[in-house]
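Chemist: Have a look at this one before I ask anything.
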């Protein structure tokens, strides 16, 4: 079973979903903008990604630039920012078992879902 944290308005996310759908039958699509993640969900994703919270943030998003850029934030504060503003979460996230990747690079995605 593969889970995809998906934003239908994002081309990279749509491409990722199309590729995974071709190769995998059991897919759960999580539209995280419609159903925001909890702090615990984000922490679990970060662990599966082996990321620090800032690595999951879309730092070029307007909300980040206007509210958080150049501030000294704890990991907890960064996670809370993503909980409060899910648009800040990098996408798409592909989860398989207890591992995850950001599914933006097709070659890496292909290797991951094998």
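The values are calculated or read from the model by the stated rules, or taken from the named source; none is laboratory data. Small disclaimer: the values here were computed from a predicted structure and weren't measured. Note that we place each Cβ from the backbone using ideal geometry, even for glycine, and neighbour counts take in every protein chain shown.
Chemist: Residue 100 - would you say it is in a helix (DSSP H, G or I) and without any contact (Cβ under 8 Å) to a residue 60 or more places away in the chain?
Modeler: So residue 100 fails the test.
Chemist: Would you confirm whether or not the range 1-9 contains a residue that is assigned to a helix (DSSP H, G or I) and at negative phi?
Modeler: No, every residue in the range 1-9 fails to be assigned to a helix (DSSP H, G or I) and at negative phi.
Chemist: Out of (1) touching a strand residue (DSSP E or B) at 6+ places or on another chain (Cβ under 9 Å); (2) free of Cβ contacts under 8 Å to residues at least 12 places away in the same chain; (3) under 19 Å from residue 8 (Cα atoms), the odd one out for residue 35 is which?
Modeler: Only one criterion in (1) touching a strand residue (DSSP E or B) at 6+ places or on another chain (Cβ under 9 Å); (2) free of Cβ contacts under 8 Å to residues at least 12 places away in the same chain; (3) under 19 Å from residue 8 (Cα atoms) is unmet by residue 35, namely (1).
Chemist: Right, here's the next one. If you take the residues in the range 26-45 that are assigned to a helix (DSSP H, G or I) and touching a helix residue (DSSP H, G or I) at 6+ places or on another chain (Cβ under 6 Å), which one is surrounded by the fewest Cβ atoms within 10 Å (Cβ to Cβ)?
Modeler: 39
Chemist: So for the range 58-67 (the condition being without any contact (Cβ under 8 Å) to a residue 24 or more places away in the chain and within 23 Å of residue 15 (Cα to Cα)), does at least one residue qualify?
Modeler: Checked against the condition, which is being without any contact (Cβ under 8 Å) to a residue 24 or more places away in the chain and within 23 Å of residue 15 (Cα to Cα), the range 58-67 yields at least one hit.
Chemist: Also, I was wondering about something else. Name every residue in the range 64-80 that is loosely packed, with under 15 Cβ neighbours inside 10 Å and either in a helix (DSSP H, G or I) or touching a strand residue (DSSP E or B) at 6+ places or on another chain (Cβ under 7 Å) (or both), in order of residue number.
Modeler: Within the range 64-80, 65, 66, 67, 75, 76, 77 qualify.
Chemist: Tell me whether the range 51-62 contains one or more residues that are assigned to a helix (DSSP H, G or I), at pLDDT 95 or above, over 14 Å from residue 113 (Cα atoms) and over 15 Å from the mean Cα position of the chain (by Cα).
Modeler: Scanning the range 51-62 turns up at least one residue that is assigned to a helix (DSSP H, G or I), at pLDDT 95 or above, over 14 Å from residue 113 (Cα atoms) and over 15 Å from the mean Cα position of the chain (by Cα).
Chemist: Scan (1) surrounded by 13 or more Cβ atoms within 10 Å (Cβ to Cβ); (2) over 14 Å from the mean Cα position of the chain (by Cα); (3) within 18 Å of residue 96 (Cβ to Cβ) for the single condition residue 23 breaks and write down its number.
Modeler: Of (1) surrounded by 13 or more Cβ atoms within 10 Å (Cβ to Cβ); (2) over 14 Å from the mean Cα position of the chain (by Cα); (3) within 18 Å of residue 96 (Cβ to Cβ), only one is false for residue 23: (1).
Chemist: Would you say residue 108 is more than 20 Å from residue 8 (Cβ to Cβ), surrounded by 12 or more Cβ atoms within 10 Å (Cβ to Cβ) and free of Cβ contacts under 8 Å to residues at least 12 places away in the same chain?
Modeler: For residue 108, the condition - more than 20 Å from residue 8 (Cβ to Cβ), surrounded by 12 or more Cβ atoms within 10 Å (Cβ to Cβ) and free of Cβ contacts under 8 Å to residues at least 12 places away in the same chain - is met.
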